[in-house]
1. Within the set of pairs 6 or more residues apart or between chains, which connect a residue that is without any contact (Cβ under 8 Å) to a residue 40 or more places away in the chain inside region 595-620 to a residue that is open to solvent by 60 Å² or more (accessible area, probe 1.4 Å) and hydroxyl-bearing (Ser, Thr, Tyr) with Cβ atoms less than 7 Å apart?
2. Assess whether ALA248 counts as being out of contact with any helix residue (DSSP H, G or I) (no Cβ under 6 Å at 6 or more places or on another chain), open to solvent by less than 10 Å² (accessible area, probe 1.4 Å) and part of a loop (DSSP other than H, G, I, E, B).
3. With respect to ILE325, determine if the residue is buried (at least 19 other Cβ atoms within 10 Å of the Cβ), at pLDDT 95 or above, part of a strand (DSSP E or B) and aliphatic (A, V, I, L, M).
4. What strands (runs of 3 or more DSSP E), lying completely within region 276-317, carry at least 2 residues that are basic (Lys, Arg)?
5. Of the conditions (1) within 22 Å of the chain's Cα centre (by Cα); (2) in contact (Cβ under 8 Å) with a residue 60 or more places away in the chain; (3) surrounded by fewer than 24 Cβ atoms within 10 Å (Cβ to Cβ), ASN317 fails just one. Which one is it?
6. Restricted to region 85-119, and to residues that are outside any strand (DSSP E or B) and of a type in the set (Gly, Ala, Ser), which residue is most open to solvent (accessible area, probe 1.4 Å)?
7. Can you tell me which residue is farthest from GLU295 (Cα to Cα) among those in region 251-277 that are open to solvent by less than 30 Å² (accessible area, probe 1.4 Å) and aliphatic (A, V, I, L, M)?
8. Could you please find all residues in region 211-235 being farther than 22 Å from LYS284 by Cα and open to solvent by 20 Å² or more (accessible area, probe 1.4 Å)?
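The values are calculated or read from the model by the stated rules, or taken from the named source; none is laboratory data. All of these numbers come straight from a predicted model, not from anything done at the bench. FYI the Cβ positions are ideal-geometry reconstructions off the backbone, even for glycines, and counts take in every protein chain you see. Note: accessible area is taken over every heavy atom of the protein model, side chains too, but ligands, DNA and RNA are not part of it. Shrake-Rupley method; radii C 1.70, N 1.55, O 1.52, S 1.80 Å.
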Amino acid sequence: MKILIAKYFHFSKHFILFVSLLLSLGAFCQPWQKVKETVGVSREEYDWYGYSVSVSGKYAIVGSMGDDGMPFAGDTHYDAGGSVYFLEKQGSNWNQTQNITPFDLDTSKQFGHSVAIDSNLAIVGAPWDSFDASGGPSGAMFGGSAYIYKRNLSGVWTLMQKITPSIQGNAYNFGFSVSISKSGYALVANTVGNVFVFKNVSNVWSQTQILSNLLTTSIDMDDSLAIVGVSTQSTDSVGAFAMTNAGAAYVYQLIGTNWVQKDKLSAYDRSANDNFGVAVAIDKSGYAVVGSFAEDEDELGTNTISGAGSAYIFKRNGNGTFDQIQKLVAFDRMNGAQFGASVSIDNTTCVISSPYNTKDDNGIIAPISGSIYMFDKTSNNNFVFTQKKSGLASGGPNLVTDISERTIVVGDLANSYDENGLNPLQDAGKAYVFEKCYFQNNLSANICYGDSIMIGNSYKKTSGIYSSHYASMIGCDSIITVNLTVNSVDTSVTVNQLTLTANETGALYQWLDCNNNYSTLVGYNNPTFTVTTNGNFAVEIKKNGCTDTSLCYNISTVGLIQKHDFKNIKVSPNPTEGIVNIDLGISYKNIHVIVYDVFGKIIVSKTFTNTTAFGFELDSASGFYNLEISIDNSPPNYLKLIKE
């Protein structure tokens, strides 16, 4: 991929920065590239590393709920006690930074069954935990729990709190699905119909709300929006037309301190046993995606293929409810592929998994299984297929995904090989990190004051650093950063009787005759110009690639004989706010006073007789004026007058 930057074109004092993305033979690249394969540090069979994944910016978390762990003295193993791994992007590489087990690790806790991360907060579900928040027996076998972690200033993830719900019972499996927001809210679902809301106040997490009657399959939250998938729901969005396991999803919005249901979503082509809601994701931009992995029809509701799967895109409208805008299916649909088993969305990109798809990236049958499909949002708010990544599952029941900005993390719990494709261990698990490739271009641009330049989709006219993202549907994106400098030219001129001086320094100068259509005065190229003929004059100034022209200045005193001594004439105040007082020192019979502006226009014309001192009002705009005093029909005297 090559990035070519064309020249700037000037049109009506606007410039456009043209960015051309040219594809040449051999330069094509797919937007999403696999950059990391990661496995557990102490791999064992049935660790199920990658059973759950979540990513936020440069941080990710991977659940390994089957990990036995050896956290205490000796070789004690806790079968399926579980652990999680934190990943961090350091420089250009994704590295494992921590492997965490719970402080009260026990057999079959399955810590890491569900995970979520947002900024410096993370939550881990342990739905088969039988201990309470302090680590002692809870009295509810497999009642479940969740653990909340925070990344400190040293980059270490530490436990903030273990949480348990107010409603607890045997096999309630609190922690079956979890979500967390950097705004200080956590959602935790059990398997008996409740979603519990916890809020962080002064680093203490407390239960504040229960969302009931939700046999939850999955949940997601982003900022003030949350979505709960219930794949076993039978009724549609208005609570009618029951169909067994057709599925539904519920959207909630944080209003004040309460999460309020805003909508119930169902598919427009719903059928029994579609399991709509088996996977859900929502983005604060107002888009939601719901997976329906057992659905049979294509996007037109035809071409039935059993269990091919689908996903549905919803967009929030002006009323705060959500409209279905699109149905997504795989371009290479096949029987039992379960497209929609996992879904994720981040504003402009939607990712759908299909764990049992056995076709390669081009849709050709191959000895592989497990794929993810990327869909990018277009300018008309539709999501179009852009890329497929195949061979990511090992025939296992789960292929989970999450996306944040330009990073996708995929978990394959049933993968048996290490990051090098060696050392097979049954269902040890693996996770993949994909990044959207992009070209970074840093440019500099200069424009003149009063002009503007289009960067991205808007005009800029002030100095600064601006970035613009140019998305590509068929190759790598480009990020253009422009360091914009706005140059200005000082066009002010100082007038001293017959001499005009440009105040800008270090420039090129050309004096002009305003009375002759701004024609150039040949040879007058210095900052200072002494006028030899009455008229109106301006100066054109060039500096730093910018050209600007001053106002025209009137000179009308060339050749006039000044008879009277200016030392005897007193003008006050000068500068003046309006009243001008003149004292001639001696009395004269006839006195005529004229005030001109810089363009030679007469502003004041007064006659006084037999007086030494007199005054008048200068009722005009602030600026410089020429004061002409004629005494007893003699040639006039000239003084500079300043109006504030």
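1. Pairs that qualify, where the first residue is without any contact (Cβ under 8 Å) to a residue 40 or more places away in the chain and the partner is open to solvent by 60 Å² or more (accessible area, probe 1.4 Å) and hydroxyl-bearing (Ser, Thr, Tyr), are ASN610/SER587; THR611/SER587; THR612/SER587.
2. Values: out of contact with any helix residue (DSSP H, G or I) (no Cβ under 6 Å at 6 or more places or on another chain): yes; open to solvent by less than 10 Å² (accessible area, probe 1.4 Å): yes; part of a loop (DSSP other than H, G, I, E, B): no.
Considered against the rule, which asks whether it is out of contact with any helix residue (DSSP H, G or I) (no Cβ under 6 Å at 6 or more places or on another chain), open to solvent by less than 10 Å² (accessible area, probe 1.4 Å) and part of a loop (DSSP other than H, G, I, E, B), ALA248 comes out as no.
3. no
4. Working: elements: 276-283, 287-292, 310-316.
Answer list for region 276-317: 310-316.
5. (2)
6. In this case the residue turns out to be SER92.
7. Checked region 251-277; the qualifying residue farthest from GLU295 (Cα to Cα) is VAL251.
8. SER212, ASN213, LEU215, THR232, GLN233, SER234, THR235
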